[in-house]
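What follows is a single structure, written as structure tokens, with notes after it.
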Amino acid sequence: MKKITYVINGEARHLHVEPNDVLLDVLRDKLGLKSPKCGCDRGDCGACAVLLDGKSVRSCLILAIECDGMAIETVEGIGQDGLSALQEKFIALNSFQCGFCAPGVTISATELLRNNPRPTLDDVKEALSGNLCRCTGYTPIIEAVLQAGNEGGEHGKL
Amino acid sequence: MTHPGLDSGAPRPDAATKAMGRARYCADVQLTGMLHGVIVASPVASGILSGLDVSAAEAAPGVVAVLTAANLPGNNRVGLIFDDQPLLVTDRVRMAGDRLALIAATTLEAAQRAARLVKFTIDPLPGVHDVRRALEPGAPLVQEQGNLLKEFFVKRGAPQTCRDADLVLEDEFVIGGQEHAYLETQGTVAEPQPDGSWLLHSTTQCPFYIRGRVARFLGLPISRVRVRQTVTGGGFGGKEDYPDEPAMCAAALAKATGRPVSLILPRDQDMQMSTKRHAMVVRHKLYASLSGRIRGVEVQVLVDAGAYAGLSTVVAERANISSVGPYDIEHVSVLTQVIYTNNLFGGPYRGFGAPQVAAAHEAQMDRLARAVGQDPFEIRRINGVSAKNPEFTSGEALPQAHLYGKLLDELEEKSGWKREKAAIAAAREADPGACEGIGLATIIYGVNLHWGGQRLDRGGAYVLIQADGTVNAAVGITEMGQGALAAMRTICAAGLGIDETRVQITEVDTALVPDSGPTVASRATVSGGNAVLDAVRQLNERLLPLAAGKLGLSGPEGVVCRDGVYSHPSTTVTTTFNEVVALLYGRRQNPGALGWFMSPEREYDPATGQGRAYAFYTFGGHVVRVRVDRATGLVTVREVTAAHDVGKIIHGLSAEGQVQGGVVQGLGWALSEELKLDAGRLKNPGFTDYLIPSSMDIPERINIVFLEEPEDQGPFGAKGLGEPSFISVGAATLNAVSHALGRDVSVLPLTPERVVGLARPDAEGTP
Ligand code: FES
Ligand code: FES
């Protein structure tokens, strides 16, 4: 057991982890943050994505201990002060069906829009290429990201 | 005209919860004292289990229970229709993924560690891996009673009289299976209750199936087993019957330990063990005259069921009647054989066998068009069902047969067929190496249960008006992502005449709503929606007289409620829904109603396939435009046009979502998703090398056409759409690639390796 610290969704949290604990399990089971999902457990599907110091990572591939002292953002944090412009678009456009991919997609798209507030279609497709979705055919997701970029990119909350 | 309240553009009821990452799926259920279950499975597909030693696993840290067939606390039989499958292997191993032992431990890691300590010996036996050889004399037997599980037939007219036809087109089509690849894997959390009853939290399309089989397993009456559907992360047919198996495993471990057990399949096990779209071999022979009119069709469909029946016979029953297509043909013979092998476990998947047979019948239509020098649209007009020739393969005259021609017209126009074909021809003229193609495919589909399953074609719904004018509704059909709850909410609100945000609708709890049959066959909107409307009708019989009284009228005739306000053309007085509900409660009248739906009884003869196979049908079609790279074999899909006869749109965004999702899933099946088997073991049980489409693989454009001509039996005229959105995508893609390559194609999926082979100038036949 080692004591580590994360800043999770803006709040400092201290916890004990084993050297081989995986970040996804620690977030879900020790910290009760259930938005990251396990779709494959081997880095293929993107459902477990979180932002680590602002960069999206697959939390099923990272050891919890490696993130000591870092800032972690999950979808719980992204919606906490009201919906982001992106989330509003996701809702208005019926972007998700089963919704299992939604947390990972939200993380990747949020990262994109923060770095590139006016993405092109190709930028969006590229940014989401690591997030598998089996239900929607991606079109309503891509459309929401593009619209959030065009309408909310500079002023909206992302 | 659109009924007020339909397709209002409101987001689906679960949109915000899902967009905020707050939806709770099966693996998110966490209970005090909960254990984690894992399955130890056979890596080989055929053999005899001659040794099983679990002592080291039992002694491992954190382990609470290890179960084998010898100490299983319940009935070891799984079969739903045929009794051919054990929950845990006793001696014979028939498929890779057969369960040998179950383990429950305090943590998932401890359970997984213990699983690796289970020692087993399986003496290999020769297996059956080619469905075409399974019925040969001397083939190894998968099940003792023989490898032929069941046969289905169509016998119409006398195809043998067609042998002198001008044209005979014959081929064998080898069509691959498909993994559902729902993003949420299978699982259940089983929770023993203090009073000896059970609560299960399951990801499923069919909670009533789980309830039935877990009750049988535990030897309990069904009222003592309650299944609550958790938010379900995709199903596509894969969560119809299969979820019962992990649910029984979780219940077994919970029974043995007396503690809640969460059993969630890891992705690789899910892909190996759970049911798949059936691989099929379709032999299709078509007799036609030079005018392009088809005289007769003979089809043989070989369905690779895998080692256990599951619902393969139900899928085959549909493949059987779908194998000719939306054409009125005088002489038809179909033989569909459901065959045991030691391959993957076949089961329900979006389209229920229809996509596989459509690939064959639609490829044949294009070959016929080429042979007689007609356009693919024209050849379908010549042979398609119509008001003049309304008879489907089952011999029934279709009341909406005229819609097929209308669908063709819309599809031709919206896809720019003539323009695109001319452009492709011009490009070829300029550069003979240019490799572009366009393909068409159309289907007919019964969007309800086949005659063989009509006893299940029913639905129930409770609608309860609360004292403040809001409404709770509970339906027996399930939401798995497709938007069923959105449709139910819209139908409920439109029927009562109130805003849909007033209606709160919940996932299925088997203790609260009647068994409504399985949520399959694109039947949710019709069976659930009609049940909701029946409840609404009963409530309106109580509400409308009260409203009439408030409006100063002597009777309720002509009183309507729109946006929560009751009015009548004869008066300017109005009253609100809330006021009328207050009156209902003030008089202590019953504020709830149980609505019910059952489809009409039908006659059908399984020996000939003649009669009313389905209560009603829908037509659908796709045009797919591709570019093929001959060197790499890569097929790029540029544009897809989908046309569907939907009756009536209830929730427009959900309907469009179904089509967009169905198209992309269909393209995955057609082009990249290949289940690679090594003696029955899946060699690619993960998304690294089983390639489902990503955002980079989608078409540049998807055009959608909905024909809205109401179906009498549907709520507000609506019929289902979930499966038709998928069914003809693969066939149209096959035809497009065939057009691009300028040669016959008889195989799916068209992976790059296969396309490279087909593109070689010397290529013969199909791989
Ligand atoms: S669960 Fe981490 S990428 Fe799939
Ligand atoms: S909405 Fe189901 S996986 Fe994306």
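The values are calculated or read from the model by the stated rules, or taken from the named source; none is laboratory data. None of the values given here were measured: they were computed from a predicted structure. Virtual Cβ from ideal backbone geometry, glycine too; neighbours counted across all protein chains shown. Accessible surface areas use protein heavy atoms only, side chains included; no ligands, DNA or RNA. Shrake-Rupley method; radii C 1.70, N 1.55, O 1.52, S 1.80 Å.
Numbers at a glance
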| quantity | calculated |
| --- | --- |
| Residue match in region A:93-105 (condition: outside the structural domain of residue A:47 (by TED's automatic domain parsing) and more than 13 Å from ligand 2 (Cβ to nearest atom)) | no |
| Counted residues, region B:430-475 - those being small (Gly, Ala, Ser) and free of Cβ contacts under 8 Å to residues at least 24 places away in the same chain | 2 |
| Matching residues, region B:395-445, being under 24 Å from residue B:155 (Cβ atoms) and in contact with a helix residue (DSSP H, G or I) (Cβ under 6 Å, 6 or more places away or on another chain) | B:443, B:445 |
| Residue B:662 open to solvent by less than 10 Å² (accessible area, probe 1.4 Å) and closer than 13 Å to residue B:179 by Cβ | no |
| All positions within region A:113-142 that are surrounded by fewer than 17 Cβ atoms within 10 Å (Cβ to Cβ) and either aliphatic (A, V, I, L, M) or part of a helix (DSSP H, G or I) (or both) | A:114, A:115, A:121, A:122, A:126 |
| Failed criterion for residue A:99 (all others in (1) assigned to a loop (DSSP other than H, G, I, E, B); (2) touching a residue at least 24 places away in the same chain (Cβ under 8 Å) hold) | (2) |
| Matching residues in region A:78-100 - criterion: being more than 8 Å from chain B (Cβ to nearest Cβ) and open to solvent by less than 10 Å² (accessible area, probe 1.4 Å) | A:84, A:86 |
| Some residue of region A:2-18 being among the hydroxyl-bearing types (Ser, Thr, Tyr), surrounded by fewer than 22 Cβ atoms within 10 Å (Cβ to Cβ) and either assigned by TED's automatic domain parsing to the domain that holds residue A:145 or more than 16 Å from ligand 2 (Cβ to nearest atom) (or both) | yes |
| Any hit, region B:336-359, residues being open to solvent by 10 Å² or more (accessible area, probe 1.4 Å), closer than 25 Å to residue B:132 by Cβ, among the charged types (D, E, K, R) and not assigned by TED's automatic domain parsing to the domain that holds residue B:213 | no |
| Residue match in region B:689-702 (condition: more than 10 Å from every other protein chain (Cβ to nearest Cβ), closer than 27 Å to residue A:102 by Cβ and touching a residue at least 60 places away in the same chain (Cβ under 8 Å)) | no |
| Complete set of residues in region A:51-77 that are within 11 Å of chain B (Cβ to nearest Cβ) and within 14 Å of residue A:8 (Cα to Cα) | A:74, A:75, A:76, A:77 |
| Hits in region B:449-486 (condition: in a helix (DSSP H, G or I) and open to solvent by 10 Å² or more (accessible area, probe 1.4 Å)) | B:451, B:452, B:453, B:454, B:455, B:456, B:485 |
| Among residues of region A:21-48, those that are open to solvent by less than 10 Å² (accessible area, probe 1.4 Å) and more than 9 Å from chain B (Cβ to nearest Cβ), counted | 6 |
| Among residues of region B:13-66, those that are more than 30 Å from residue A:84 (Cβ to Cβ), open to solvent by less than 40 Å² (accessible area, probe 1.4 Å) and in a loop (DSSP other than H, G, I, E, B), counted | 8 |
| Qualifying residues in region B:632-653 (those that are surrounded by fewer than 24 Cβ atoms within 10 Å (Cβ to Cβ) and out of contact with any Asp or Glu (no Cβ under 7 Å at 6 or more places or on another chain)) - the one farthest from the other protein chains (Cβ to nearest Cβ) | B:632 |
| Condition broken by residue A:75, with the remaining ones in (1) in contact with a Ser or Thr (Cβ under 6 Å, 6 or more places away or on another chain); (2) more than 16 Å from ligand 2 (Cβ to nearest atom); (3) of a type in the set (Val, Ile, Thr) satisfied | (2) |
| Conditions (1) surrounded by fewer than 19 Cβ atoms within 10 Å (Cβ to Cβ); (2) within 16 Å of ligand 2 (Cβ to nearest atom); number of the one not met by residue B:701 | (2) |
| Answer residue from region A:49-67, given it is in contact (Cβ under 8 Å) with a residue 40 or more places away in the chain and open to solvent by less than 20 Å² (accessible area, probe 1.4 Å) and is nearest to residue B:109 (Cα to Cα) among those | A:64 |
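For every residue, the table says whether it meets (1) within 26 Å of the chain's Cα centre (by Cα); (2) surrounded by fewer than 21 Cβ atoms within 10 Å (Cβ to Cβ); (3) away from ligand 1 (no atom under 16 Å from the Cβ); (4) in a strand (DSSP E or B).
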position: B:189; (1), (2), (3), (4): yes, no, yes, yes
position: B:200; (1), (2), (3), (4): yes, no, yes, yes
position: B:210; (1), (2), (3), (4): yes, no, yes, no
position: B:216; (1), (2), (3), (4): yes, yes, yes, no
